[in-house]
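The values are calculated or read from the model by the stated rules, or taken from the named source; none is laboratory data. None of the values given here were measured: they were computed from a predicted structure. Every residue, glycine among them, receives a Cβ derived from its backbone with ideal geometry; neighbour counts consider all protein chains shown. Note: areas computed on protein heavy atoms with side chains; ligands, DNA, RNA excluded. Shrake-Rupley method; radii C 1.70, N 1.55, O 1.52, S 1.80 Å.
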Amino acid sequence: MTAKSVLILAGSPRRDGNSFRLALAAQEGAEAVGHAVELAYVDDYVSHFLRDCRQCRGADGECTLNDRFRELFLEKYLPADGILFATPLYWYGMSGQLKTFLDRSFCYYAASHPDSDTNASRMANKKIGLLISSEESYPAAPMGIVHSIQEFCRYNQCDFVGVVQGIGNKRGDVEFDPAGPIDRARRLGATLFSTLYTDYRMDTPRKGSVWDNA
Ligand SMILES: Cc1cc2nc3c(=O)[nH]c(=O)nc-3n(C[C@H](O)[C@H](O)[C@H](O)COP(=O)(O)O)c2cc1C
């Protein structure tokens with residue numbers, strides 16, 4: 001397979017926590033198949049919430065919030081072929097860090113940004129995966145995050161390829177989850193670009209059997 005570039009966004013304030021361990025495993029998996037991976041802590045780049053752009057957009061149309069979001073978004077997120085979002089479950093949603101990253105991206109493809117068209121087109125056609133750590137294990141607990149990322153991908157014309165959830169609370173707990181989320185995260189990293197992704201419409205041409213050798 002052709003080598004691709006992957007950005008992993010670590011969205012927990014705990015730098016060595018459970019979602020981070022899933023992120024590390026996904027990095028290992030992606031690197032093992034030859035992809036170039038960068039792992040970034042959202043906290044290192046984003047220190048302001050989204051504000052009313054009418055107040056903080058400069059005369060040149062650029063965002064004036066004084067942190068490193070711009071660098072993370074323009075130099076790491078937009079060029080990447082694949083993205084892995086890693087987040088703890090907080091109040092049945094994603095971490096504030098990750099949500100703020102998604103919110104802030106809007107400033108760069110809103111019509112009032114000078115490069116909005118280019119930035120919007122560079123949002124599309126990425127393979128996206130999601131890594132979640134949570135204390136609770138019931139299947140619907142992470143649905144809010146899954147739904148949010150699903151709609152983010154649909155809106156931005158990206159393929160939402162897979163989700164791995166690890167159960168744990170104390171740092172490192174996910175490594176003991178008998179469902180094996182570390183291995184599954186490694187696999188998600190390795191197969192981000194090779195996983196079959198389908199999302200049919202009524203008129204989508206398709207074969208009777210999904211798998212060639214079935
Ligand atoms: C503010 C906060 C809210 C949380 N909300 C939930 C929750 O709604 N459901 C849940 O299962 N765990 C919840 N947790 C527990 C974390 O999801 C869990 O400890 C997770 O493994 C932390 O991941 P991290 O080590 O990557 O930060 C919450 C933890 C915090 C600090």
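Structure summary
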{"item": "Highest to lowest packing among 89-100, 112-123, scored as the average C-beta count within 10 Å", "result": "89-100, 112-123"}
{"item": "Reachable aspartates and glutamates, given that their alpha-carbon falls under 18 Å from the alpha-carbon of Lys4 and they are not under 8 places away in the same chain", "result": "Glu28, Glu31, Glu38, Glu75, Asp81, Asp159"}
{"item": "Rounded percent of accessible protein surface that carbon and sulfur make up, the chain, 1.4 Å probe", "result": "50"}
{"item": "Length added when fully stretched, Met143-Asp44, from 0.36 nm per residue minus Cα-Cα", "result": "32.9 nm"}
{"item": "Protection proxy ranking of 173-182, 19-28, 77-86 - average other beta-carbon atoms within 10 Å, highest first", "result": "19-28, 77-86, 173-182"}
{"item": "Separation of alpha-carbon centers, segment 72-125 and segment 183-210, rounded to whole Å", "result": "23"}
{"item": "Segment 5-191: Rg to Rh, with Rh as the Kirkwood radius over Cα pairs", "result": "0.97"}
{"item": "Over segment 37-128: Rg over Rh, Cα atoms, Kirkwood Rh", "result": "0.95"}
{"item": "Gain on full stretching of the segment that runs from Asp115 to Leu196 - 0.36 nm per residue minus C-alpha separation", "result": "25.9 nm"}
{"item": "Sequence of Val33, Val164 when ordered by accessible area, the most exposed leading, probe 1.4 angstrom", "result": "Val33, Val164"}
{"item": "Accessible-area order (highest first, 1.4 angstrom probe) of the listed residues Thr195, Thr64", "result": "Thr64, Thr195"}
{"item": "Dipole of the chain, positive end: most advanced residue of Ile8, Ser116, Cys153 [Cβ charges, Cα centre]", "result": "Cys153"}
{"item": "Accessible area of the chain divided out per residue, in Å², using a probe of 1.4 angstrom", "result": "53"}
{"item": "Theoretical gain in end-to-end length, Asp103 to Glu28 [0.36 nm per residue, Cα-Cα removed]", "result": "24.1 nm"}
{"item": "Fraction of antiparallel bridges per DSSP, the chain only, in percent to nearest 5", "result": "5"}
{"item": "Nearest-0.05 FRET efficiency for Tyr92 and Cys56, computed from C-beta distance (R0 45 Å)", "result": "0.90"}
{"item": "Hull shadow area, averaged, segment 120-214 [alpha-carbon convex hull, nm²]", "result": "8.5"}
